[in-house]
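Chemist: Handing you a structure now.
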């Protein structure tokens, strides 16, 4: 008889492992002690929430320094078109095709680094690619980002290579 009652609790422990853990768990702490413990953990949770913001500040500091390797890749190509020459004559601006994730400060730093000129301002335009048909299939042109770079008075860029 003594073996049968012992076998039943063993089966119950195997069937429900959570129930076995509940039996081994520590007894609950009274309500006041729970509140004190919760209040002590709260400041730690707040500082943990602030850590990602600190990481963002580090990332922006690194990005604001403008890594020279990234600056050399930001400018893809100059845009030479009728509209670009009109902008150059009227507003002393130069058009560039730039990386889609480039920011205005990065574009300014890249132009100043590559061409040794002073940049007054940068305006950007997101140009969405057109959907085109190629026979039976449908394709899409690439999205591009254009940068209108305003140069200081009396400065210009020479892409033809004659003055070099």
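The values are calculated or read from the model by the stated rules, or taken from the named source; none is laboratory data. Computed from a predicted model, the values in this text were never measured in an experiment. Heads up, the Cβs are rebuilt from the backbone with ideal geometry, glycines too, and the neighbour counts pull from every protein chain shown.
Chemist: Can you pull out every residue in the range 143-164 that is on the phi < 0 side of the Ramachandran plot and exposed (fewer than 10 other Cβ atoms within 10 Å of the Cβ)?
Modeler: 153, 158, 160, 162, 163, 164
Chemist: Could you list, in sequence order, all residues of the range 108-164 that are assigned to a loop (DSSP other than H, G, I, E, B), assigned by TED's automatic domain parsing to the domain that holds residue 88 and in contact with a helix residue (DSSP H, G or I) (Cβ under 8 Å, 6 or more places away or on another chain)?
Modeler: Across the range 108-164, the qualifying residues are 117, 118.
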